Amino acid sequence: FGTTQAGALDDVAQRLRRAEAELAKAREEGESVRAGLQAELAAERARASRAAAAEKALRAEVDAAREAARVAQAEAEGALRSKTSAQRRKDKVVESSGAAN
């Protein structure tokens, strides 16, 4: 009976060592997966940050282009008013000289 019991204990001890080794391997794999996921997360955060910066820069360019268009339109309207005013003065001069003749 002692030999059978000793053999059973050896068998249990061997299974326990295998289970511990498998557990250690699973922990290592889990840590490896976790580290990989953390690296992916960091890369995704960096991509999102770059995308946000690019969007901000693009918005600034759009705003600058809108402002430039507004200024150009105001300048064009001012030039048109000046031209119209000059044309009116010219027409008055022509009318005055025609009335004088």
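Determine whether R45 is open to solvent by 70 Å² or more (accessible area, probe 1.4 Å) and over 49 Å from the mean Cα position of the chain (by Cα).
no
It is to be established whether one or more residues within the stretch 57-74 are within 34 Å of the chain's Cα centre (by Cα), open to solvent by less than 100 Å² (accessible area, probe 1.4 Å) and of a type in the set (V, I, T).
Yes, because at least one residue in the stretch 57-74 is within 34 Å of the chain's Cα centre (by Cα), open to solvent by less than 100 Å² (accessible area, probe 1.4 Å) and of a type in the set (V, I, T).
I'm told A6 meets every condition in (1) at pLDDT below 95; (2) open to solvent by 100 Å² or more (accessible area, probe 1.4 Å) except one. Can you identify the failing condition by its number?
Result: A6 fails condition (2) only.
The values are calculated or read from the model by the stated rules, or taken from the named source; none is laboratory data. Keep in mind that this is a model prediction, so the values were computed, not measured. Only protein heavy atoms, including side chains, enter the accessible area calculation; ligands, DNA and RNA are left aside. Shrake-Rupley method; radii C 1.70, N 1.55, O 1.52, S 1.80 Å.
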